[in-house]
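Report on the following structure.
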Amino acid sequence: MTVRYQIVQRDDSLQSKSMRIQHRVTLTKGTRRRQALKTTGYRIFWGVGGKGFVPVKGGVRPRGREAAPGRVGGEVRCAEVRCGDSPPVPGVWGARRLRAVPPPCPAAGVSQVTVRDALNQALDEELERDERVFLLGEEVAQYDGAYKISRGLWKKYGDKRVIDTPISEMGFTGIAVGAAMAGLRPVCEFMTFNFSMQAIDQVINSAAKTCYMSAGSIAVPIVFRGPNGASAGVAAQHSQCFAAWYGHCPGLKVVSPWSSEDAKGLLKASIRDDNPVVMLENELLYGVPFEMSEQAQSKDFVVPIGKAKIERQGTHVTLVSHSRPVGHCLEAAAVLAKEGVECEVINLRTIRPMDIETVEASVVKTNHLVTVEGGWPQFGVGAEICARIMEGSAFNYLDAPAVRVTGADVPMPYAKILEDNCLPQVKDIIFAVKKALNI
Amino acid sequence: ASRVVVASRNYADFASEATFEIKKCDLHRLEEGPSTTAVMTREEGLHYYKTMQTIRRMELKSDQLYKQKIIRGFCHLYDGQEACCVGLEVAIKPTDHVITAYRVHGFTYARGVPVREILAELTGRKGGCVKGKGGSMHMYTKNFYGGNGIVGAQVPLGAGIALACKYFGKNEVCLTLYGDGAANQGQIFETYNMAALWKLPCVFICENNRYGMGTSVERAAASTDYYKRGDFIPGLRVDGMDVLCVREAAKFAAEYCRAGKGPILMELQTYRYHGHSMSDPGISYRTREEIQEVRSKSDPITLLKDRMVNNNLASIEELKEIDVAVRKEIEEAAQFATTDPEPPLEELGNHIYCNEPPFEVRGPNQWIRYKSVS
């Protein structure tokens with residue numbers, strides 16, 4: 001008798017939040033051997049004889065033939081194992097068991113939410129809240145978003161509120177800015193910020209400068225958002241970080257979220273802001289789940305623009321970062337903590353206007369500064385932080401020159417070993433901290 | 001000697017209106033075009049005359065002030081093209097929207113900003129329409145979005161304003177103007193595509209004054225039929241020196257858009273007497289004879305004046321009185337523009353953001369800070 005296990009593959013385009021893994025494993029009866037799969041958190045459905053797959057609780061023996069929910073052509077989709085489910089009974093399946101271990105229960109109201117889902121929620125809530133808000137960009141409507149950020153929104157709000165554009169960055173960005181000048185509140189998506197370079201004249205000269213040139217009579221309440229910086233293996237033309245480029249210009253606000261809370265709160269704040277905001281997301285963070293408190297999941301949760309967050313308290317050195325490298329800083333901090341070095345990790349959240357006061361207060365406390373970013377070193381975010389620290393009161397509290405950890409000063413190569421070494425890794429941050437502390 | 005009244009005209013002597021034959025427009029993808037006759041009442045005629053004359057004198061005054069170095073930087077003058085902005089403005093409603101490039105003084109006046117505020121903005125004073133923050137190329141008022149310095153960038157903006165018109169559903173249109181030089185910009189073709197796809201109520205208007213700075217249209221464009229360059233967008237070619245022709249064409253175009261048929265394109269054939277800007281004498285790429293010919297045969301103000309006098313809508317004396325009044329207005333405005341104080345230094349930091357609590361802006365060094373108020 002053949003026992004077939006169907007574990008549905010992870011498919012982010014599917015509507016429900018359940019994580020689905022698909023993997024067909026055929027075993028013969030009696031062997032009770034199966035591959036050890038990384039299935040933490042997944043319930044396994046398995047069936048008998050190749051027909052009739054049966055949902056099974058906790059992964060114990062098949063119960064008999066019943067129609068399995070969600071069965072498609074002989075495959076059965078698994079549902080997420082939730083916390084509070086009973087764990088699989090040990091010893092039933094034999095030597096190597098597929099573990100469908102329920103995850104630990106988080107505090108009340110707290111959920112794991114990916115950055116993608118957080119952004120999606122933010123867009124959904126803001127579209128609902130204000131009729132003047134609309135989304136435009138390439139593939140945002142019928143494709144559900146190139147990175148699925150706008151999944152489900154076109155179905156819910158229709159052609160008027162979610163607009164697919166042709167591949168005309170300069171044209172549609174100008175149209176979005178014009179719509180903002182005339183009273184709408186557009187969210188203009190760039191498939192990646194690399195393409196925003198084609199439209200940068202509209203972002204800077206038409207959007208950023210208009211409030212000033214018109215002495216405040218014309219507001220431009222627009223959000224430009226999309227993935228920024230390096231992805232994985234997309235090579236030089238698709239990997240540039242624009243934080244320094246947009247951060248340079250007065251009239252713009254520039255935000256750079258890391259966690260889901262950052263993403264949702266900053267996107268909502270940006271949409272509600274009456275000024276042009278550039279929101280630099282990160283593609284590699286889209287699928288990463290973060291804990292979101294109940295408060296963070298509410299419809300009125302906003303993260304104020306212009307305020308940094310201290311992600312980890314510390315006493316020996318200040319690590320300042322934005323976007324994905326914040327995660328690397330926390331990892332480095334965890335490693336360094338074992339060696340007795342306590343790092344204070346600051347997540348900038350906003351590039352312009354930069355919350356230098358939080359950084360200064362931290363440097364006054366720790367006396368050492370390391371900045372970490374994915375962009376190129378010359379004229380970068382780290383350079384600006386160092387210059388401002390030098391100009392301010394915190395300079396007198398530095399026991400060593402500030403250190404910058406940045407992307408390598410080269411266009412991004414393709415080969416994995418080269419690409420990995422072009423971006424700040426945890427080991428680079430640790431090395432920099434030790435250099436700053438002279439240990 | 002006693003004074004004898006030689007002649008007097010009673011205003012009851014004038015006709016209340018007259019009908020004029022106007023030039024037929026060349027059409028692209030249109031079965032019919034605007035009417036070839038236009039009715040103009042006496043009041044309308046006087047209004048058009050006064051407006052055009054005001055713009056003419058205002059531009060000439062700006063020329064004077066620039067040569068006296070009271071106006072600095074860029075100054076792009078509109079004299080010769082008055083029929084365009086006046087004809088367009090009277091064809092649309094104040095609730096419609098207009099956006100143009102940098103040759104903007106005429107439109108700013110037509111859209112309702114007083115001459116003194118325009119001249120004060122040119123001279124960089126606090127009484128300027130945008131407090132001296134914008135200058136010649138960046139003038140704004142209600143439903144008028146400038147005033148844009150980057151050639152061609154205003155065209156997608158205009159289509160965006162048209163998108164907002166459609167979105168809000170208030171039956172408004174947006175006139176989006178650009179020149180013959182800008183007509184070769186790629187972003188304009190991107191905009192044509194999207195405006196036609198989404199049926200935006202956008203009237204694209206190419207003010208063809210035959211020269212993009214120093215480059216004549218023959219040297220810049222493979223096709224100088226600018227009204228056809230919209231390809232799938234219907235177009236009209238209009239005599240831009242005749243205010244009635246412009247008016248009728250603009251009415252036709254605005255109606256087309258309001259009917260929800262999508263965008264339409266108008267090419268206004270016009271001419272500028274000055275060079276591209278005040279730094280350009282305007283005679284290295286065209287002859288003085290050409291300029292003189294246009295002045296004598298096609299000047300928009302002279303054309304209107306002749307029409308009105310010949311059709312008994314006004315007398316020469318009456319129009320001369322208007323001229324005198326206009327000159328006086330311009331003199332007073334220039335007086336204001338030269339005596340009004342410059343904006344206070346505190347203004348430097350203001351209006352970076354809208355609706356923002358006050359914050360500090362860095363000056364040329366770390367100790368100089370300006371407060372920024374919205």
Inset, instruction - Would you work out the relative contact order for chain B, in percent, from Cα pairs under 8 angstrom that are 6 or more residues apart? - result: 21
Inset, instruction - Report the local net charge at A:Val364: Lys and Arg +1, Asp and Glu -1, summed over other residues whose C-beta lies under 12 Å from its C-beta. - result: -3
Inset, instruction - Using θ = phi - 60° and the Karplus relation 6.51 cos²θ - 1.76 cosθ + 1.60, list the HN-Hα couplings for the stretch B:122-131 in order, rounded to whole Hz, with x at every Gly or Pro. - result: 5, 8, x, 10, 5, x, x, 5, 10, 6
Legend entry - Solution diffusion estimate, µm²/s, Stokes-Einstein, chain B, Kirkwood Rh from C-alpha pairs, 10 °C, viscosity 1.306 mPa s: 73
Inset, instruction - Could you work out, residue by residue across A:215-223, how many beta carbons of other chains sit within 10 Å of that residue's beta carbon, and then give the average as an integer? - result: 6
Inset, instruction - Quick one: which residues, 5 or more positions from B:Phe359 or on another chain, have an amide H under 5 Å from its amide H? H modelled 1.01 Å from N in the peptide plane, none for Pro or chain starts. - result: B:Ser372
Inset, instruction - Using every Cα-Cα pair within the stretch B:289-345, state what percent have a distance larger than 16 Å. - result: 64
Legend entry - Overall Cα dimensions of the stretch B:25-116, principal axis frame, Å, largest first: 51, 33, 25
Inset, instruction - Show me B:99-108, A:174-183, A:204-213, A:429-438 ranked by packing, highest mean number of other Cβ atoms within 10 Å first. - result: A:174-183, B:99-108, A:204-213, A:429-438
Inset, instruction - Apply the Debye scattering formula to the stretch B:202-292, with a single equal point scatterer on each alpha-carbon and no solvent, then give log10 I(q)/I(0) at q = 0.11, 0.24, 0.25 Å⁻¹. - result: -0.37, -1.16, -1.21
Legend entry - Orientation-averaged projected area, Cα convex hull of the stretch A:182-271 (nm²): 6.3
Legend entry - At q = 0.09 Å⁻¹, base-10 log of I(q)/I(0) for the stretch B:249-374 (Debye sum, equal scatterers on each alpha carbon): -0.67
Inset, instruction - Give me the net charge of B:Ser16's neighbourhood, meaning all other residues with Cβ under 13 Å from the Cβ of B:Ser16; Lys, Arg count +1, Asp, Glu -1. - result: -3
Inset, instruction - Would you pull out the residues with amide H under 5 Å of A:Thr371's amide H, same chain only if 5 or more places away, H placed 1.01 Å from N? - result: A:Val320, A:Val403, A:Arg404, A:Val405
Inset, instruction - List, largest first, the extents of the alpha carbons of the protein assembly as shown along their principal axes, each in whole Å. - result: 133, 70, 46
Legend entry - Nonlocal amide H pairs with B:Ile205, under 5 Å, H built at 1.01 Å: B:Thr176, B:Leu177, B:Tyr178, B:Met266
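Each value in this text was obtained by applying a stated rule to the coordinates, not by laboratory testing. In this text the structure is predicted, and so the values were computed from the model without any measurement. Every residue, glycine among them, receives a Cβ derived from its backbone with ideal geometry; neighbour counts consider all protein chains shown.
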